[in-house]
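Derivation of every value follows stated rules applied to the coordinates shown; laboratory data play no part. Remember, it's a predicted structure, so these values are computed and weren't measured experimentally. Positions of Cβ are generated from backbone atoms using ideal geometry, with glycine treated the same way; all protein chains shown enter the neighbour counts.
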Amino acid sequence: MRYVNLRVLLPLSFFLFITFIIYLADTADYNFAFRMIGDIPYGDKLMHGLLYGVMALLLNYGVNFKSKKIFGFNMQVGALIVLTFAT
């Protein structure tokens, strides 16, 4: 059996999960999870922060927490990728 590298598998599977959520939201297929999050005050904002935060964490894990110096600040590469994806 081949060894599966978790540094690749975890960020990739979570990215597919996020794209699936985006697809469901864009097709207006509101299931119980969307209704439940909609009932929470600022639930949409909280879930965006949680999803993108976990994605940045997993990407940073995937690239072995590498960082680049930008404008004098050390920025983690995974966070920069998520920032690019989210905007």
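Taking the chain as the reference, fit the longest principal axis to its C-alpha atoms, fit the long axis of helix 6-26 to the helix C-alpha atoms, and give the angle between the two in degrees, 0 to 90, nearest 10.
Tilt relative to the chain: about 30 degrees.
What are the residues whose amide H is under 5 Å from the amide H of Ser67, where those residues sit 5 or more places off or on another chain and H is modelled from the backbone?
HN-HN under 5 Å from Ser67: Val77.
Testing the spin-label approximation: label points 7 Å from Cα along Cα→Cβ at Thr87 and Ser67. State their distance in nm.
Computed distance between label sites Thr87 and Ser67 equals 2.0 nm.
Which number do you get for Rg(Cα) / (2.2 N^0.38 Å) in the stretch 1-78? Walk me through the intermediate numbers first.
Values: Rg = 15.9 Å, N = 78, 2.2 N^0.38 = 11.5 Å.
Dividing the Cα Rg of the stretch 1-78 by 2.2 N^0.38 Å gives 1.38.
Determine the gain in length on full extension of the stretch Arg7-Ile21; use 0.36 nm per residue of separation and subtract their C-alpha separation, reporting nm with one decimal.
On the way: separation 14, 0.36 × 14 = 5.04 nm, distance 2.22 nm.
Here the segment from Arg7 to Ile21 would lengthen by 2.8 nm.
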